Amino acid sequence: MAEGDDDYYDCYDDDADEADFATTSEELNLDFGVNLKNIDADADPEAFSYTSLTHEEVKQIIRTAVEFVRNKLNLSTGVAKNLLIENRWNTEDTVQTFRQDEASKHVPSAFARLRNRTVSESMSECSVCYTTKTRDNMAENTCGHSFCASCWNSYLESQVAEGKGFGITCMDSKCDVNIGEDFVMEYLTDGPSLQKYERNIFRTCVESNPSLSHCPTNNCDNYFFSSQPDSKRVVCDKCQSSFCFVCGSEYHLPCCCRTIRQWWKKVMDDADTSSYISSHTKDCPNCESSIEKNGGCNHLICRQCKYEFCWVCLEDWKSHGAEYYVCNRFNAKKAADAVAAAAEVATVVIPLAVNKPNVRRLALNKYLFYLERWKNHEQSLRLEENLMNQIHDRVQKKVQNREGSLIDWQYLMDAGKLLLKCRRALQYTYPFAYYLEDGPSRMLFEHLQAELESTIENLSFTIEQGDKLDVAALQAQMRSAEFRRRALFRDAKEIKTTAAQAILQAAEPQKTICSFQTVRP
Amino acid sequence: MSAPNMAFNRIQRELAEVAKASDAEKGIVSLEAKDGRLDHLTGVIKGPPSSPYEGGTYVLDIKIPPEYPFKPPEVKFATKVWHPNVSSVTGAICLDILRTNWAAAMTLRTVMISIQALLGSPVADDPQDAVVASQFKTNRSLFDSTAKYWATTYADAPSEVPEMKEKVAQMVAMGFNESDVRDTLSWSGWDVAKALEKLAPE
Ligand SMILES: [Zn+2]
Ligand SMILES: [Zn+2]
Ligand SMILES: [Zn+2]
Ligand SMILES: [Zn+2]
Ligand SMILES: [Zn+2]
Ligand SMILES: [Zn+2]
Ligand SMILES: [Zn+2]
């Protein structure tokens, strides 16, 4: 590692992006950190520190916590584990809440024990199968309720078959005590059911522990630990998939887990209304010749008339200079005027609509505005990924043919990595902004978003020029892009923190966009 | 084979216990095997006193799954009933102990007593039938008389609801099927014009 790498040392950045366009880290151990060090002393807001764990290591973590609670409270391992799951693996909370009100629930009173003992002294009837059994054939759960071993077995088997692990309650009709793992291990006799039970309860242990996360890839048995869990990017070192530490879905910062879930649901639900957006061809706004977009850059130049325009809003590119950049902002006034104009035409046919502002139509326009930009950045991201792969291949060939050294070409790869990273960030700023309430914080966020977007379009444009580029200019653009990416993420984090505080202050949660930390569903 | 066997042993005991218990006063009339089959039973309960169902006799259709008692019995009303937690179309019942809160140590007797209690105190916030539930919340008196009318018509309850009876007769005279008329009028809040629109659109 070269010096100046500290910022990136234990976060995903380098590994992740290398995985993105399939290069090996030895060949391209890139270091734009050197250039960027001076512009921003603060840590990268996207940085995240975590370690990967094997199945065995996770088991050990679980075992240690269970042992701690078990010894402190003098309980069975099964009950200790259930308590830890209920308290999301906060050992302190577990010990405290137990002392306060859980005691009676898990440790039967001496009287209950005594009563059950005397009843089961010789023979007793199981109140599930109504057969008389000897004492040896009865089994008592920690709550003091006793049923025959064969009933426990059948019951546990049917519960496990339904997919349960944690949360199997006692068979008594008025008892809701959870059955402990050790009890299940003792009375569930069917091998495959036992294995399924162990898998289920292990999964619950991981999912209920905020510091643990598991790789969402099917059959990838890899786990992650973080002492500061957050909805940030994890890259699996076994299968290379990348995902959010908290919710396991595609990495989605600056959106929080709940916002992105809401957004995805909306996108799925409204798939019909918005299907027309994903078109790859549009007409030139100047000469109307058909233009196909095959690069990621949204700064287009018409082949026919050389008109330079923005692919997203079809306005003159000149209006997209950083200072006047408004392409990312939904203009409600303009949209309302358009809707009103449309309504005026409609009044001829439906006079009822005259005085009603078309609220639904306006809401749809707003949604489509954000959706179009979201989809567009996604499309650009794919195209730019392809471009970077091509550039990578080209670089490899040149190096093999001894046309210059690898170092000479690295700046281009560096720029590409940064471009992809910022493009992805931009994509996710649109659902974030969609749910943002109007006001000064929205204005600031959109200002930062516009700055990053215009820088990124310029960077993309430069990279597309390929070999004949101006290295100094490229590096200036990169510095600016990295600076603006960090500013944007810092601002988003602040908005989320403020929103979370507002929720805490208001007695009941309101429809504000973000809770700072989202609980797994 | 052992699981169903065990279920049958238990059912037999449950049948015997309901028969000998003095449950009639609690509202349980009977529990019987249908055609001698222990996996399909018929229960009969009384409508609870001081409710619109008072005096009515309600038949329950009870199916015993092979995993019984580790899985709950499947119970629905065979008698039509107007109640927020019972489907006015299928008789399906929304009751926690028939779903997630079932416990293996519960019995069919527990279930029947719970259903009888549910008739007496509906839970409008957890509805099975949305139409009935919204009427229960917004127009309690119309709900009460509709429930009473259904109890008289389908469950042999003694009370009469003359104005509803009359509306039904009126529409039957127009040539519509009587049970369709009852359903449709009930679902339309006894608005004859609305019911007509639904029964004979255009
Ligand atoms: Zn038993
Ligand atoms: Zn118990
Ligand atoms: Zn993996
Ligand atoms: Zn997430
Ligand atoms: Zn043109
Ligand atoms: Zn634009
Ligand atoms: Zn561009």
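Report, by residue number, each residue of region B:72-94 that is assigned to a loop (DSSP other than H, G, I, E, B) and touching a Ser or Thr at 6+ places or on another chain (Cβ under 8 Å). Within region B:72-94, B:78, B:79, B:80, B:81, B:82, B:88, B:91 qualify.
Taken over region B:27-82, the criterion of being in contact (Cβ under 8 Å) with a residue 40 or more places away in the chain and charged (D, E, K, R) is satisfied by B:46, B:54, B:67, B:80. Elements of the type strands (runs of 3 or more DSSP E) sitting completely within region A:85-179 and holding at least 3 residues that are within 40 Å of the chain's Cα centre (by Cα), among the basic types (Lys, Arg) and at pLDDT 85 or above: there are none.
What do you reckon, is residue A:335 modelled with pLDDT under 80, surrounded by 13 or more Cβ atoms within 10 Å (Cβ to Cβ) and more than 16 Å from ligand 5 (Cβ to nearest atom)? Criteria met by residue A:335. Only one of the numbered conditions (1) outside any loop (DSSP other than H, G, I, E, B); (2) within 12 Å of another protein chain (Cβ to nearest Cβ) is violated by residue A:185, and that is (2). Given the conditions (1) away from chain A (no Cβ under 14 Å); (2) assigned to a loop (DSSP other than H, G, I, E, B); (3) crowded, with 21+ Cβ neighbours inside 10 Å, which single one is not true for residue B:69? Evaluating residue B:69 over (1) away from chain A (no Cβ under 14 Å); (2) assigned to a loop (DSSP other than H, G, I, E, B); (3) crowded, with 21+ Cβ neighbours inside 10 Å leaves (1) as the failure.
Taking residues in region A:301-318 that are under 11 Å from residue A:289 (Cβ atoms), and partners anywhere that are assigned to a loop (DSSP other than H, G, I, E, B) and not hydrophobic (A, V, I, L, M, F, W, C), the pairs with Cβ atoms closer than 8 Å and at least 6 places apart or on different chains are A:302/A:286; A:302/A:289; A:303/A:289; A:304/A:289; A:305/A:286; A:305/A:289; A:307/A:285; A:307/A:286.
Which one of these is under 12 Å from residue A:160 (Cβ atoms) and either β-branched (Val, Ile, Thr) or crowded, with 18+ Cβ neighbours inside 10 Å (or both): A:184, A:206?
None of the others qualify; the one that does is A:184.
Remark: pairs (first residue in region B:6-17, more than 9 Å from every other protein chain (Cβ to nearest Cβ); second residue in a helix (DSSP H, G or I); Cβ separation under 8 Å; 6+ apart in sequence or on different chains) = B:11/B:108; B:17/B:109.
Does residue A:235 fit the bill of being under 28 Å from residue B:69 (Cα atoms) and crowded, with 19+ Cβ neighbours inside 10 Å? Against the criterion (under 28 Å from residue B:69 (Cα atoms) and crowded, with 19+ Cβ neighbours inside 10 Å), residue A:235 does not qualify. Spot the failing condition for residue B:134; the list is (1) surrounded by fewer than 19 Cβ atoms within 10 Å (Cβ to Cβ); (2) under 30 Å from residue A:171 (Cβ atoms), and only one is missed. Result: residue B:134 fails condition (2) only.
Counting residues in region B:130-149 that are of a type in the set (Phe, Trp, Tyr) and within 14 Å of another protein chain (Cβ to nearest Cβ) gives zero.
Go through region A:230-247 and give me each residue that's within 11 Å of ligand 4 (Cβ to nearest atom) and without any contact (Cβ under 8 Å) to a residue 40 or more places away in the chain. Listed by number, the residues that qualify are A:243, A:244.
Is one or more of the residues making up region A:10-20 more than 30 Å from residue A:400 (Cα to Cα) and either open to solvent by 20 Å² or more (accessible area, probe 1.4 Å) or modelled with pLDDT of 55 or more (or both)? Scanning region A:10-20 turns up at least one residue that is more than 30 Å from residue A:400 (Cα to Cα) and either open to solvent by 20 Å² or more (accessible area, probe 1.4 Å) or modelled with pLDDT of 55 or more (or both). Picking from residues in region B:137-164 that are farther than 20 Å from residue B:189 by Cβ and surrounded by 15 or more Cβ atoms within 10 Å (Cβ to Cβ), the one that is farthest from the chain's Cα centre (by Cα) is B:157. Taken over region A:161-181, the criterion of being more than 14 Å from chain B (Cβ to nearest Cβ) and open to solvent by 20 Å² or more (accessible area, probe 1.4 Å) is satisfied by A:166, A:181.
Out of all the residues in region B:102-111, is one or more under 19 Å from residue B:27 (Cα atoms) and more than 12 Å from chain A (Cβ to nearest Cβ)?
yes
Any residue at all in region B:103-117 that's part of a loop (DSSP other than H, G, I, E, B), over 24 Å from residue A:152 (Cβ atoms) and open to solvent by less than 30 Å² (accessible area, probe 1.4 Å)? Steps first, please.
Let us first name the residues in region B:103-117 that are part of a loop (DSSP other than H, G, I, E, B), namely B:103-107.
This time we only want the ones that are over 24 Å from residue A:152 (Cβ atoms), so: none.
There is no residue in region B:103-117 that is part of a loop (DSSP other than H, G, I, E, B), over 24 Å from residue A:152 (Cβ atoms) and open to solvent by less than 30 Å² (accessible area, probe 1.4 Å).
The values are calculated or read from the model by the stated rules, or taken from the named source; none is laboratory data. Predicted model, so just to flag it, every value in this text is computed and none were measured. We place every Cβ from the backbone using ideal geometry, glycine too, and count neighbours over all the protein chains shown. All accessible areas refer to the heavy atoms of the entire protein, side chains included, with ligands and DNA or RNA removed. Shrake-Rupley method; radii C 1.70, N 1.55, O 1.52, S 1.80 Å.
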